[in-house]
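Derivation of every value follows stated rules applied to the coordinates shown; laboratory data play no part. Quantities reported herein were computed from a predicted structural model and do not represent experimental measurements. A quick note on method: Cβ atoms are made from the backbone with ideal geometry, for glycine too, and the neighbour counts reach across all protein chains shown.
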Amino acid sequence: MTTPHVESIIPGTGGMTVQNPYLPYPVRIEEIITETEDRNLKTFKLVFLNTADEKKFAYKAGQFAELSITGKGEIPIGIASSPSEKGFLLFTVNRVGLVSTALHNMRVGDIMGVRGPMGNWYPWETIEGKSVVIIGGGFAFTTLRSSIVYMLDPNNRPKFKDIHVIYGARTPGMLLYRDELAAWEERDDIYMHITVDATDDPTWKYNTGFVPTITDQKAPPADGETYAIVCGPPIMIKFTQPVLENLGYSYDHIIMSLENRMKCGIGICGHCNIGKEYVCKDGPVFTLEQLSRMPKEY
């Protein structure tokens with residue numbers, strides 16, 4: 001687990017420089033990409049104002065950060081960029097509340113804050129040498145995008161066997177990262193299974209159906225050497241879990257990323273606890289085996 005490495009002079013410490021986990025790094029918005037046809041999902045490309053801060057912000061695919069806007073507050077968002085992509089961070093933000101709406105109204109060149117990285121990450125050391133099935137739905141595909149880019153990096157691709165990606169959205173216009181999806185599909189070292197719930201587009205050439213159905217049709221059966229990484233809305237996770245079980249995946253080979261009312265991001269406020277676990281600190285990544293021992297709140 002990683003906590004922020006931000007230092008500042010705290011009142012009452014005699015002028016000592018100590019770590020302040022609530023102080024964000026200043027960043028500048030370098031690019032804004034509107035991802036979906038309803039314009040409610042935008043990807044923000046952020047660059048650090050200070051090179052030293054960028055070096056301190058060492059993260060792994062699967063982690064999240066708090067995005068902060070002065071006078072508005074902050075929100076926890078999964079990191080969509082990969083650690084293999086240098087010089088910037090990517091966050092894809094759904095416009096649903098005060099802070100996310102304020103962020104959507106910002107412009108290229110505006111200054112904001114990033115606090116993190118936070119939480120744990122997908123267990124890459126365990127997965128190395130194995131095959132991976134990435135299963136995602138809706139705008140929860142952000143940390144999965146980070147993971148795919150990480151695994152496809154030339155320095156990392158030899159570390160993994162087969163890579164399958166099953167990704168769905170309600171309609172074609174709600175898919176994220178469409179240019180990258182098309183580029184990945186052209187590769188011969190990754191199997192892409194894109195789907196939408198429904199469409200009347202006669203040019204649609206991919207799958208039609210809910211993610212659990214396509215998972216049942218396209219995911220490779222478990223062989224003890226394949227891990228499934230699942231991230232999506234709760235209803236998708238609920239119906240994908242039994243599909244993976246029927247395919248023979250054991251609980252310790254099913255890895256999920258949760259969202260659960262995260263607030264402070266460092267396990268202090270108590271908003272995101274599930275039993276004795278805190279999603280922001282002990283998660284957000286858990287195996288299904290770990291979740292099976294928790295209260296059924298997730």
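Checking the a/c ratio against 1.5 first, then a/b against b/c, what shape does the Cα gyration tensor give for the range 124-257?
Working: a/c = 1.78, a/b = 1.22, b/c = 1.46.
Oblate, because a/c is 1.5 or more while a/b does not exceed b/c.
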- request: Provide the FRET efficiency to the nearest 0.05 for the Glu30-Phe239 pair, computing r from the beta carbons and using R0 = 35 Å.
  value: 0.35
query: Where a ≥ b ≥ c are the square roots of the eigenvalues of the C-alpha gyration tensor, would you call the range 7-118 rounded, which needs a/c under 1.5, or, failing that, prolate if a/b is larger than b/c, or oblate?
result: prolate
Residue-span extension gain [Glu289 to Asp223] - 0.36 nm each, minus C-alpha spacing: 22.0 nm
query: On full extension of the chain, what length is gained from Ala183 through Lys130, given 0.36 nm per residue of separation minus the C-alpha to C-alpha distance?
result: 16.7 nm
query: Gap in Å between the Cα centre of the range 122-145 and the Cα centre of the range 157-205?
result: 14
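Could you calculate the FRET efficiency of Thr203 with Tyr22 from 1/(1 + (r/R0)^6), where r is the beta carbon distance between them and R0 is 51 Å, rounded to 0.05?
Details: r = 49 Å, r/R0 = 0.97.
About 0.55, to the nearest 0.05.
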- line: Rounded to 0.05, the calculated FRET efficiency for the beta carbons of Asp162 and Asn50 at R₀ = 45 Å is 0.65
